[in-house]
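Read through the structure below, which is laid out as structure tokens, and then see the notes.
The values are calculated or read from the model by the stated rules, or taken from the named source; none is laboratory data. Here the structure is a predicted model, which means the values were calculated and not measured. Cβ atoms come from the backbone with ideal geometry, glycine included; neighbour counts cover every protein chain shown.
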């Protein structure tokens, strides 16, 4: 039993850092891209419309860059969502029995 738990721990320990690095790289790239789109839209579109579109894209870019810096937050959020989904499905299954 201990060897199985150790093996699972090693596998999870190898997957999580790689997932974190991949998410960080993806988030930085997408964040920079959205910020660039926001800047270009601000230049292209006139007046208030351009300012609004620029703000939305730049803010989305900043959010993605933040999540890229703190990829563990994204991993924790996904795990929590999966656990809540599992609890709901178990609760629904018990009710239907």
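Let me confirm something: among 91, 36, 24, which residue is free of Cβ contacts under 8 Å to residues at least 60 places away in the same chain and in contact with a helix residue (DSSP H, G or I) (Cβ under 7 Å, 6 or more places away or on another chain)?
Selected residue: 24, the only one of 91, 36, 24 that is free of Cβ contacts under 8 Å to residues at least 60 places away in the same chain and in contact with a helix residue (DSSP H, G or I) (Cβ under 7 Å, 6 or more places away or on another chain).
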*Do the conditions hold for residue 29, that is, is it at negative phi, surrounded by 11 or more Cβ atoms within 10 Å (Cβ to Cβ), within 15 Å of the chain's Cα centre (by Cα) and at pLDDT 80 or above?*
yes
*Taking residue 13, is it exposed (fewer than 10 other Cβ atoms within 10 Å of the Cβ) and on the phi > 0 side of the Ramachandran plot?*
no
*asked:* Here is a list: 77, 68, 60, 53. Which entry is within 13 Å of the chain's Cα centre (by Cα), surrounded by 10 or more Cβ atoms within 10 Å (Cβ to Cβ) and either free of Cβ contacts under 8 Å to residues at least 24 places away in the same chain or not in a helix (DSSP H, G or I) (or both)?
replied: 77
*asked:* So, residue 38, is that one assigned to a helix (DSSP H, G or I) and closer than 24 Å to residue 77 by Cα or not?
replied: no
